[in-house]
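Where a number appears in this text, it was derived from the coordinates with a stated rule and is not lab data. None of the values given here were measured: they were computed from a predicted structure. Cβ sites come from the backbone with ideal geometry, for glycine too, and all protein chains shown count toward neighbours.
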Amino acid sequence: MIRDTAQAFLADVSSSSAIRNAMASEQGFETQIWQRICTEMYWQAIHIPEEYGGMGLGYVELVIMLEEMGRYLLCSPFFSTVCLGTNALIVAGTAAQKQQYLSQICQGSLTATLAYTGNNGRWDADAVQATVTTDGDHYLLNGRYRYVPDGHSAGLIIFAVRDEGSTGVDGISLFALDANTPGVKRSWLPTMDETRKQAEITLDQVCVTKADLMGEQGKAWPQLNKIIQLATVAVAAEQAGGAQQTLDLTVEYTQERVQFGRPVAGFQAVKHQAADMMLRAEVAKSAVYYAACVAEEALNGGPLANELAEAASVAKSYCSQGYFSNASDAIQLHGGVGFTWEYDVHLYFKRAKSSELFLGNSAYHRELIAQILLD
Amino acid sequence: MKISFSPEDEKFRAEVAQWLTQNLVGEFEQLKFRGGPGDEHMFPQARKKWEQKLAQDGWTCIGWPKEYGGRGCSIEQQVIFNEEYARAGAPGHVGHIGEGLAGPTLIAFGSEAQKQKYLPGIVAGTELWCQGYSEPGAGSDLANVKTKAYFDEAKGKWIISGQKVWTSLAHESDYIFVIARTNPDSIAHKGLGFFLMKMDQPGIEVRGIKQLTGTSEFNEVFFDQAECDADDIVGKPGEGWAIAMGLLGFERGVSTLGQQMQFHNELNQVIAIAKANGNDKDPIIRQRIAEAHVRLKIMRYNSMRMLSDEGDGGLKKEALIYKLYWSTWHRDLGELAMDVMGPEAEILASAPYNLTRLQAMYLFVRSDTIYGGTNEIQRNIIAERGLGMPKEPKIQMN
């Protein structure tokens, strides 16, 4: 039901030409389409509790939406706002922050994102390099972030910082700041995958108050880790959708393309690659649907809540590989046209790589699993 | 998707686990973790006795309807039973072909007389069955069977001649179900009959096939004017293919979680070895162990999805990829096991060719990607049924 509605809407608003319009802009999405999503579909409020004006649905429903967005390559601040910003507010926000920001997100008047990775390009606790110092009743934030999804356009940014001299999981704090706070300098980073925009953000003596702090100073790693894991499940869901779409495009194209007097889909070399692609798409979905159930329990309670770290890494490690393999096979099976700018296959190929690299690639997540199993 | 079982089903799980703990003792202790795939030739008589022990308390054929001696268990309960069975290390079911294939076929397609005659022995664990499908010229092209059947009016019996191959448990079995050509002029899947035959008769000879493991779970079965009674054909002559394929429809994935429990045990052995010999610090081995774990986890999620899924027009795509997925996973595990062991992997348990459990696994998994539809046949099926791509062209050889 949710899936059917999503497909119908996305087929309408996320056509190839709409995607390309969004890609060509620095903002990375068409404001009018985002407003339709927020006001007609109300998707940005999908898992926000009803007390803040949200729909109060769960991660399972959210993951269905993300899978379809991945399939249709929707260019929007949905992922950054819902899967980074909203999750951060739900997991770590104070009552006042939730009341203020979640309500604005529900109204469609605020987009949000999370900035935690510095120049080192890591995805674990060491990623956090920006610092916080205390200055009387105020805090001073300094440092630089890269690879921040929609960081140049978001209205609210959750910043991860650490106490000076701290390392690893110690000394980490989260602040929720208006993106226009003085000292916050944001610039768009042009990217190979143009369907999701990234930004660099510099904090220069940014002076904030306790009202901006989320939770307790220096103790935020468990919350940040959970936010990252929830976002990891979300990326995997988009990847599963992309793995399915690259398969569908390939089957459709090979059925139409005639060589040697017959559709190339009839050649066993083509069929077998397509079969492997279907295997990857289905296995990716199985991983994601399970991870979604775990994420739901991690957010709202349940016996599987403590499986989140494992389920997220299982899903991300498989879906990253599965999507990339399917996208690269899709180019190969499209032949020459797969190499053109005109056909959409390369958009998926590029998105597959950028989503693989974001929040840790397969090898990174396998190492996390190895630590659970072996250390 | 369903990610856990109901409280009633969990109660059933506890009941199964308790029964196994209480009964897998004494003379049956030696059977623990034995007799599974790759080890089916071991302890056949003791495993038959175990089968009868299960039967006494109603733990055989639990998915069959009660009227035929089963328990009428739900799919979920069957899955749970198999999972607990594997967890306890209970031995490979020596009666699994009767319980999983012969019995369900008779329940679906057999006459009342056939059901009365054959089902009780399967439920009781006293009569074992084997399957006579593959032939030297009918492997992936299963419909190409050459074994012939004709009805001898004078004797009032069906007379069968030909050869079957890759028949597991043939030398232990009391009966074999056979597809054979009733119309000598027919080709492919037309003109076949489905026969129920007694193994102990002059016209049937069983020879073991020595496999690359050095052991013989599989056999050749030769039929030279072998006989069965007029009423031991299931359905009518010519319906054999439909009946044989009808079995495939019974595969609901009830054994998947049990199989995965066995995989889990094997992976744990590999992990234990890596920790003991220090290879758990090797970054590449770490990646490969994690990859095996990731894919085994998802195998379980995929099975849970199969259980939850109503199917889209009867087609469950996650079920269609399952054989290709698990067989490839298991093959990779064999290679990982060898690499984790290092040079020690080469050393046999003893001469002349007694393999360790992991060596046997490593070698036997080469058959996983071949039997029950090779990986190549699986990919054809996935592409054609799952993706609607063109069927392989039929080439007439003249």
Sort A:258-267, B:67-76 for me by packing, meaning the mean count of neighbouring Cβ atoms within 10 Å per residue, highest on top.
-> B:67-76, A:258-267
Percent of beta bridges antiparallel (DSSP, chain A, rounded to nearest 5) = 80 percent
Counting other Cβ atoms within 10 Å of each Cβ, which GluC sites (Glu not before Pro) in the stretch A:196-255 have at most 15 and sit in a DSSP loop?
-> A:GLU216
At least 27 Å along the helix axis (C-alpha) and Kyte average at least 0.0, DSSP helices within chain A = A:268-300, A:308-334
So which GluC sites (Glu not before Pro) in the stretch B:289-398 are both in a DSSP loop and have at most 12 other Cβ atoms within 10 Å of their Cβ?
-> B:GLU310
Trypsin sites (Lys or Arg not before Pro) within the stretch B:5-51: which are DSSP loop residues with at most 15 other Cβ atoms inside 10 Å?
-> B:LYS32
Please give every one of the lysines within straight-line cross-link reach of A:LYS350, meaning a C-alpha to C-alpha distance under 19 Å, and leave out same-chain neighbours fewer than 8 residues apart.
-> A:LYS197, A:LYS316
With a Förster distance of 60 angstrom and the Cβ-Cβ distance between B:TYR353 and B:MET245, calculated FRET efficiency to the nearest 0.05 equals 0.95
Okay, helix-only estimate at 222 nm for chain A: each DSSP H run of n ≥ 4 adds -39500 (n - 2.57), divide by all residues, round to 500 deg cm²/dmol; what do you get?
-> -15500 deg cm²/dmol
Set the Förster distance to 30 Å, then compute FRET efficiency between A:ALA211 and A:ILE372 from the Cβ-Cβ distance, nearest 0.05.
-> 0.20
B:ASN144-A:GLN268 pseudo-label distance in nm [points 7 Å out on the Cα-to-Cβ vector] | 1.1 nm
Would you mind ranking A:MET1, B:MET306, A:MET23 by Cβ crowding within 10 Å, fewest neighbours first?
-> A:MET1, A:MET23, B:MET306
Estimated distance in nm for a label pair at A:ASN119 and B:ILE284, the labels positioned 7 Å out from Cα along Cα-to-Cβ | 3.4 nm
Under 17 Å Cα-Cα from A:LYS210, which aspartates and glutamates qualify once same-chain neighbours fewer than 8 residues away are excluded?
-> A:ASP135, A:ASP137, A:ASP163, A:ASP178
Extension gain B:GLN30-B:GLU392, at 0.36 nm per residue separation less the Cα-Cα distance, in nm?
-> 125.5 nm
Rounded, prolate or oblate (a/c below 1.5 giving rounded, otherwise prolate when a/b exceeds b/c) for the stretch B:1-126 by Cα gyration tensor | oblate
Least to most buried among B:TRP19, A:TRP34 (fewest other Cβ within 10 Å first) = B:TRP19, A:TRP34
Sites B:ARG366 and B:ASN277 - FRET efficiency at Förster radius 25 Å, r taken between beta-carbons, to 0.05 | 0.50
Note on the stretch A:55-156: alpha-carbon gyration tensor, axes a ≥ b ≥ c; rule is a/c under 1.5 for rounded, else prolate if a/b larger than b/c, else oblate; result oblate
Angle, helix B:357-368 long axis vs. longest principal axis of chain B, Cα atoms, 0 to 90°, nearest 10?
-> 50 degrees
XL table A:LYS353/B:LYS316; B:LYS297/B:LYS323; A:LYS353/B:LYS391; B:LYS155/B:LYS236; Cα-Cα > 25 Å flagged, in table order, is A:LYS353/B:LYS316; A:LYS353/B:LYS391
Among B:SER4, A:SER153, A:SER103, A:SER286, what is the fewest-to-most ranking by other Cβ atoms within 10 Å?
-> B:SER4, A:SER103, A:SER153, A:SER286
Enter the Cα centre distance for the pair the stretch A:90-141 and the stretch A:172-246, rounded to the nearest angstrom.
-> 7 Å
Taking Cα atoms, the helix B:7-23 axis meets the longest principal axis of chain B at an angle in degrees (rounded to 10) of 90 degrees
Please average, across the residues of A:366-375, the number of beta carbons from any other chain that are within 10 Å of each residue's own beta carbon, and give a whole number.
-> 6
Could you please state, rounded to a whole Å, how far the C-alpha centre of the stretch B:23-60 is from the C-alpha centre of the stretch A:26-62?
-> 57 Å
